[in-house]
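Peer 1: One structure, as structure tokens, below. Some questions next.
The values are calculated or read from the model by the stated rules, or taken from the named source; none is laboratory data. All figures in this text were calculated on a predicted structure; none of them were measured in a lab. Cβ: placed from backbone, ideal geometry, glycine included. Neighbour counts: every protein chain shown. Heavy atoms of the whole protein, side chains included, go into the accessibility calculation; ligands, DNA and RNA do not. Shrake-Rupley method; radii C 1.70, N 1.55, O 1.52, S 1.80 Å.
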Amino acid sequence: MSRRIWDFPGGVHPPENKQQSSVQAIKPYTIPEYVVIPLQQHIGVPAKPCVAVGDRVLKGQKLGDAGGFVSLPVHASTSGTVISIDLHVVQHPSGMDSLCITIQTDGADQWIDHQGIADYRNQDKKVVLERIREAGIAGMGGAGFPSVVKLGIKPDQQVQTLILNAVECEPYITADDRLMQERAEEIIQGLEVMAWLINPQDIVVGIEDNKPQAIDAMRAAAQGTKIEIVSVPTKYPSGGEKQLIYILTGKEVRSGGIPADVGVVCQNTGTAYAVKRAIIDGEPLISRVTTLTGDKVKNKGNYEVLLGTPVSVLLQQAGVAEPELHRLIMGGPMMGFAIHDPRVPVVKTTNCLLVPSEKEFPDPALEQPCIRCGSCAQACPVNLLPQQLYWFAKGKEFDKAAHFNLSDCIECGACSYVCPSNIPLVQYYRYAKGEIRIQQQEQQKADHARLRFEARQARIEREEQEKELKRQQRAKAAAEKQAVKKKAPPAANAPANTGTPTDPNPALDLTKLQTAAASTMKRYKDAQSALLQAEKSGSEHIEVLRKKVDQLKLKADTAKQAFVDAKSATPSDSPTTAPDTGTDPIAILKKASADDFAAYKAAEKALQEAQSTGNTATPEIDALAADVAALKTKSDASKAAMKEARAKEKETIQKQNAAKDPVKTAKMEVAKQQVLLKKANKALQAAQASGEGDIDTLEQAIASTQQALDAAEAELQKAEGANS
């Protein structure tokens, strides 16, 4: 029983022009002088280089590792030496550059050690999937989506139909046609590997009926398998993924959906061939079949090309003279794009190079106003409204264009092909898609920033509530403590406070008098110097200064006499000076540090005096320099020892104070952490306002400070509870 064929809406029948390149066998590749391997030849994240300039690489050696889940590695297509890892022009409609690895080939074409998995059915499926990923296989029909992502289905997902897209509906292109005619068995082997991985109920190969030789070859190769070869009517764009699924199954993929939503997995002919080479032969994807055609090509046909081969080399091999180029198109006439630099390399998705003459592809006619004929809507295979989308794109009403399902446009070019006003509709749609994508990215950034701000505000509010609750708890505990103290009876035998010291310290009073005398004398000397300066300059304030000097002299004499009288009245057994430092470790270290520093400075002065004679190379000067270095080392060491002793003493005093009044110490720690938290919040607000600074690090610092504050407040509550 033959499979039912459905017909999708719209579509066009442009001239096929396939006979020029489909009649000759695939021509083998030639090794160019150098190859340029872009690190992004697929949809997704670019690969990351894993080689360096100057490295010698072999054919099939990995040059870049996959940069993520939707990413693939890239490999050397021949042996040679890496001469650069830099930006290079690539196959992009905008002409933009991309990071590429350039290899100077050596002509040896030497392979790395490699081997396939002949008994792959006895392997774990994860091993085979990883081999496909490591081989760098992407969809080779033009989209370049990593094949392993499509094949790595979930355990609970059921695939009803595996479709091999062998339609190749684009005019001029015959790469898949010729590949099926010559290597049908290998394509079937690759298709069987993919079928084993996803276990579909049906396996269908769709081929347009304008390829009878390919249909016969594939049916012969599929004998004895469950694979069904189906001939579909020739109509463009029947090779579109969603269109082919509808043709073969009658299932429609919803707007914004993927084939897996309707239980279908769709792969390309070249992809199946690459899977066979990767699994059975152990070879990564390093070459592909590319069609070279057009009136300017003398040797039309299909060429097996090493990835990274410059287009200029391929054109030269096909007999194209670059000065005669009228236009160079990568891809077909409907969905391809013009490239303006023949240095661009061949990549995994380069299925055709079209070099037409001016007569074959004349320059586009001038765009005329839309006459609202509706031809574009009749030709659209996705049931869109191309005319309305055109007005939205031209008027920059991108929200409306998105609402009218612009994302479903497959950019097949059927609308542009039938437009009598020569409007480049696809270019308008591409422009609108790009702008919508930019708007979505900006919106995502704004949403992310808003969510972070709201989360931060909620956290601050929660922290404030928690702190207020803790303050209320502390106030309640303090009130209860005061109430208990008021109820307690006064101590019966408490000693009265007489207001007089019980242990007077004559040495302390004498020290105060000495300090006062010294301070007053310094003020007197400063005033005397100011008076002398005023007298020299003839200032008008001389009389005022003289009175000030007399007053300060009187005070200085009085303070000095008071110190002398107190000193003479002090008993001989009372200390008249500061306590003896002989037993004070810090005083001892301080004196030692001062002595060492004085010795170092004296030696340094002696060295400078000796060097001032002009002779800097005598043994005496060398000896003095050595003494200076030794004394400086000793001085630094004694100074460090003194600082360490002071720090330990300070720590001991703090511990003693904390032991005497733990509540006061805990309050000080709480106040300290509150100040630190306030500063951290201000720093975060400043960073958010300026857009500079590491926001995540500042938020982590705030969280850490908040934890320290919580711990300090807990210690305060504990101390207050113990004290009550």
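Peer 1: Run the Debye formula on the Cα coordinates of region 361-481, all scatterers equal and no solvent, and tell me log10 I(q)/I(0) at q = 0.13, 0.19 1/Å.
Peer 2: Values returned for q = 0.13, 0.19 Å⁻¹ are -0.64, -0.99.
Peer 1: Order these peptides, 72-84, 668-680, 408-420, by their mean beta-carbon neighbour count within 10 angstrom, highest first. Mind dumping the intermediate values first?
Peer 2: Details: 72-84: 23.2, 668-680: 15.8, 408-420: 20.5.
Most protected by this proxy first, the peptides run 72-84, 408-420, 668-680.
Peer 1: At a 1.4 Å probe radius, carbon and sulfur cover how many percent of the accessible area of the chain? List each step's numbers first, then the result.
Peer 2: On the way: 21180 of 39950 Å².
The nonpolar share, carbon plus sulfur, comes to 53 percent.
Peer 1: According to the square roots a ≥ b ≥ c of the eigenvalues of the Cα gyration tensor, what is the shape class of region 429-468, taking rounded for a/c under 1.5, prolate for a/b larger than b/c otherwise, and oblate for the remainder?
Peer 2: On the way: a/c = 10.60, a/b = 9.85, b/c = 1.08.
It is prolate, given that a/c is not under 1.5 and a/b is the larger ratio.
Peer 1: Sort all Cα-Cα distances of region 212-337 into consecutive 5 angstrom bins from zero, then give the percent of pairs in each bin up to the one containing the longest distance.
Peer 2: Once binned at 5 Å, the Cα pair distances of region 212-337 give 2, 8, 12, 16, 17, 17, 14, 9, 5, 1, 0.
Peer 1: Name the cysteines of the chain that stand alone by the Cβ rule: no other cysteine Cβ under 4.7 angstrom.
Peer 2: So far as the 4.7 Å Cβ criterion goes, 50, 100, 169, 266, 352, 370, 373, 380, 409, 412, 419 stand without a partner in the chain.
Peer 1: Non-local amide H neighbours of residue 34 (under 5 Å, H modeled in plane, Pro and chain starts lacking H): which ones?
Peer 2: Here the answer is 105, since their amide H atoms fall under 5 Å of that of residue 34.
Peer 1: Measuring from label point to label point, each 7 Å out along Cα→Cβ, what is the residue 554 to residue 25 span in nm?
Peer 2: Here the modelled spin labels are 12.9 nm apart.
Peer 1: What are the residues whose amide H is under 5 Å from the amide H of residue 78, where those residues sit 5 or more places off or on another chain and H is modelled from the backbone?
Peer 2: For residue 78, whose amide H was placed from the backbone, the distant partners under 5 Å are 60.
Peer 1: Along the charge dipole of region 628-724, Cβ charges K/R +1 and D/E -1, which of 686, 668, 711 sits furthest on the positive end?
Peer 2: 668
Peer 1: Leaving out ligands and nucleic acids, and using a 1.4 Å probe, what accessible area per residue does the chain come to in Å²?
Peer 2: Details: 39950 Å² over 724 residues.
In whole numbers, the chain has 55 Å² accessible per residue.
Peer 1: Kindly rank 154-165, 178-189 from highest to lowest mean number of other beta carbons found within 10 Å of each residue. Before the final figure, lay out each step's value.
Peer 2: Numbers: 154-165: 16.2, 178-189: 21.9.
Averaged packing, sorted descending, gives the order 178-189, 154-165.
Peer 1: Under a 5 Å amide H to amide H cut-off, with H placed in plane at 1.01 Å, what residues pair with residue 268 once short-range neighbours are removed?
Peer 2: Hits under the 5 Å cutoff: 140, 165.
Peer 1: Looking only at the chain, where both bridge partners belong to it, what percent of the DSSP beta bridges are antiparallel (to the nearest 5)?
Peer 2: Details: 33 of 54 bridges.
Given both bridge residues lie in the chain, the antiparallel proportion sits at roughly 60 percent.
Peer 1: Also, I was wondering about something else. Before anything else, pin down the relative contact order of the chain: Cα pairs under 8 Å, at least 6 apart, normalised by residue count, whole percent. Write out the running numbers ahead of the final one.
Peer 2: Values: 1128 pairs, mean separation 81.4, N = 724.
That works out to 11 percent.
Peer 1: Give the shape of region 260-392 as rounded, prolate or oblate, defined through the alpha-carbon gyration tensor: a ≥ b ≥ c are the square roots of its eigenvalues, a/c under 1.5 means rounded, and otherwise the shape is prolate if a/b is larger than b/c and oblate if not.
Peer 2: Numbers: a/c = 2.93, a/b = 1.21, b/c = 2.41.
It comes out oblate by the Cα gyration axes.
Peer 1: Taking +1 at the Cβ of each Lys and Arg and -1 at the Cβ of each Asp and Glu, which of 43, 443, 114 sits farthest along the dipole of the chain towards its positive end, judged by Cα position relative to the Cα centre?
Peer 2: Going by the Cα projections, it comes out as 443.
Peer 1: Compute the FRET efficiency between residue 255 and residue 106 as 1/(1 + (r/R0)^6), taking r as their Cβ-Cβ distance and R0 = 51 Å, and round to the nearest 0.05.
Peer 2: Working: r = 52 Å, r/R0 = 1.01.
Efficiency for this residue pair is about 0.50.
Peer 1: Looking only at Cα atoms, what is the convex hull volume of region 110-162 per residue, in Å³? Don't skip to the answer; put the middle values down first.
Peer 2: On the way: hull volume 6.8 nm³, N = 53.
Dividing the Cα hull volume of region 110-162 by its residues yields 129 Å³.
Peer 1: Hey, if you drop one equal point scatterer on each alpha-carbon of region 342-408 and run the Debye formula without solvent, what base-10 log of I(q)/I(0) do you get at q = 0.14, 0.15, 0.16 Å⁻¹?
Peer 2: Taking Cα atoms of region 342-408 as identical point scatterers yields -0.74, -0.81, -0.86.
Peer 1: Another one. Kindly provide the helix-only [θ] at 222 nm of the chain, computed as the sum of -39,500 (n - 2.57) over DSSP H runs of four or more divided by all residues, to the nearest 500 deg cm²/dmol? Please list the in-between numbers first.
Peer 2: Numbers: 19 runs with 355 residues, N = 724.
Rounded to the nearest 500, it is -16500 deg cm²/dmol.
Peer 1: What is the distance in Å between the Cα centres of region 80-129 and region 630-672?
Peer 2: Taking the Cα centre of each part, region 80-129 and region 630-672 sit 64 Å apart.
Peer 1: Right, something else. Over the Cα atoms of the chain, how large are the radius of gyration and the largest Cα-Cα distance (Dmax), in Å?
Peer 2: Taking only Cα atoms of the chain, I get Rg and Dmax of 44.9, 134 Å.
Peer 1: How big is the Rg/Rh ratio for region 135-220, C-alpha atoms only, Rh by Kirkwood, two decimals? Intermediate results must be reported in sequence, preceding the final value.
Peer 2: Numbers: Rg = 13.6 Å, Rh = 14.0 Å.
For region 135-220, the value is 0.97.
Peer 1: Sticking with this one: Dipole of the chain (Lys/Arg Cβ +1, Asp/Glu Cβ -1, origin at the Cα centre): which of 217, 369, 23 lies farthest to the positive side?
Peer 2: So the residue furthest toward the plus end is 369.
Peer 1: Rounding to the nearest 20 debye, state how big the charge dipole of region 254-409 is about its Cα centre with +1 on each Lys and Arg Cβ and -1 on each Asp and Glu Cβ.
Peer 2: Working: 15 positive and 15 negative charges, 32 e Å.
With Lys and Arg at +1 and Asp and Glu at -1, about 160 debye.
Peer 1: Right, another one. At a threshold of 8 angstrom on Cα-Cα distance, excluding pairs fewer than six apart, so keeping six or more, what relative contact order does region 215-306 reach in percent?
Peer 2: Values: 60 pairs, mean separation 11.4, N = 92.
With pairs under 8 Å counted, the relative contact order is 12 percent.
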